[in-house]
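Below you'll find the structure, written out as structure tokens, and then a few comments.
The values are calculated or read from the model by the stated rules, or taken from the named source; none is laboratory data. All values derive from a computational prediction rather than experimental measurement. Cβ coordinates were reconstructed from backbone atoms using ideal geometry, including for glycine residues, and neighbour counts include every protein chain displayed. Side chains are part of the model used for accessible areas, which takes the heavy atoms of the whole protein and leaves out ligands, DNA and RNA. Shrake-Rupley method; radii C 1.70, N 1.55, O 1.52, S 1.80 Å.
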Amino acid sequence: PRDISIVGYDNIEVAGALAPPLTTIHQSRKRIGAESVKVLIANIEGEQKDVRRVSFNPRLIERKSVRKL
């Protein structure tokens, strides 16, 4: 982190076990999966005809791979 800061994405379990632990962006896979299934079922059953935009708020998990400025 003194020379270069690195931020990962997806907050996989190994991110916290690296040396240094990787700062990462977290988005709930369960929530994304559940919403995806709802949209898929609505499409299959013909209830959803328009394009639907779904977004999820990410969360920054600060660890040791970045330096505070």
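Of all the residues in the stretch 55-69, those that are part of a loop (DSSP other than H, G, I, E, B) and surrounded by 10 or more Cβ atoms within 10 Å (Cβ to Cβ) number 8. The residue that is nearest to the chain's Cα centre (by Cα), counting only those in the stretch 11-20 that are surrounded by 11 or more Cβ atoms within 10 Å (Cβ to Cβ) and part of a loop (DSSP other than H, G, I, E, B), is Asn11.
Starting from residues that are among the β-branched types (Val, Ile, Thr) and outside any strand (DSSP E or B), keep the ones in the stretch 21-54 and report whichever is most open to solvent (accessible area, probe 1.4 Å). Going through the qualifying residues, I end up with Val51.
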